[in-house]
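Structure first, then comments.
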Amino acid sequence: MVDIVQIDESFENWEGLLALVQEAFDYMHTRIDPPSSAIKLTADTLKSKAHEEIGYAAMIDGKLVGCLFCRQDAEDILYVGKVAVLPNLQGQGIGRAMLKAAEGVAHACGVEKLRLETRIELDNNHMRFEKWGFHKVAEKSHPGFDRVTYIQMEKPIRPV
């Protein structure tokens with residue numbers, strides 16, 4: 001059974017969190033351009049991220065298996081990023097469980113939708129996010145690129 005816990009001041013496994021994100025994002029390095037910002041992460045930058053955003057860790061039997069970070073981006077939007085699940089555990093509901101935690105944050109903040117970004121090349125991510133209730137709302141380009149490099153997807157949040 002997966003436990004979703006908030007990454008707060010009591011969290012200490014920053015190196016483990018970094019290893020998790022790196023392992024979960026590793027497959028995309030040969031598929032996307034520009035490179036993922038995940039390659040620039042350090043344990044210290046993750047710790048800073050956790051102080052600036054709301055982070056969640058997925059745990060199974062005390063082992064870190066997933067993470068997600070979110071922040072309010074606009075009055076009606078909660079941005080969800082760095083959604084990561086260990087590759088050998090993907091497809092088992094861990095990401096969906098973390099997303100439910102983010103939806104709880106959205107309700108608490110009074111926002112109407114979740115937003116995330118995924119690289120244009122990562123069709124498998126697009127399909128997974130669609131299964132979770134997201135739909136494409138925009139195609140965007142990173143600075144310096146004259147082609148679409150990522151898409152924005154949103155999920156409406158129903159009032160509780």
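The values are calculated or read from the model by the stated rules, or taken from the named source; none is laboratory data. If you're wondering where the values come from, they're calculated on a predicted model, not measured in any experiment. All Cβ positions, glycine included, derive from the backbone under ideal geometry; neighbour counts span all protein chains shown. Note: accessible area is taken over every heavy atom of the protein model, side chains too, but ligands, DNA and RNA are not part of it. Shrake-Rupley method; radii C 1.70, N 1.55, O 1.52, S 1.80 Å.
Miscellaneous remarks
- Part-to-part distance (alpha-carbon centres) for segment 11-29 and segment 36-91, which is given in Å: 9 Å
- Calculation over all alpha carbon pairs of segment 1-83 in 10 angstrom steps from 0 returns a P(r) of 17, 49, 30, 5 percent.
- The alpha-carbon of Lys40 sits under 16 angstrom from the alpha-carbons of these aspartates and glutamates, leaving out residues fewer than 8 places away in its chain: Glu15, Glu23, Asp26.
- Using the 1.4 Å probe convention, the accessible area of segment 60-160 works out to 53 Å² per residue with neighbouring protein chains retained.
- Among Pro143, Leu18, Asn88 - extreme Cα towards positive end, dipole of the chain, charges at beta-carbon: Asn88
- Taking Ala57, Ala24, Ala38 in turn, the Gaussian network model of the chain (Cα-Cα springs below 10 Å) assigns the largest fluctuation to Ala38.
- Percent breakdown of C-alpha pair distances by 10 Å bin, ordered from the shortest bin, for segment 68-117: 28, 51, 19, 3
- Net dipole in debye of the chain [+1 Lys, Arg Cβ; -1 Asp, Glu Cβ; about Cα centre; nearest 20]: 420 debye
- Accessible surface of the chain, 1.4 Å probe, proportion on carbon and sulfur as whole %: 48 percent
- Across every direction, the projection of the convex hull enclosing the Cα atoms of segment 2-156 has a mean area of 9.0 nm².
- Of Lys63/Lys113; Lys113/Lys136; Lys47/Lys131, pairs whose Cα-Cα distance is over 19 Å: Lys63/Lys113; Lys47/Lys131
- Compared with the alpha-carbon gap, the fully stretched path from Lys136 to Asn124 is longer by 2.9 nm at 0.36 nm per residue.
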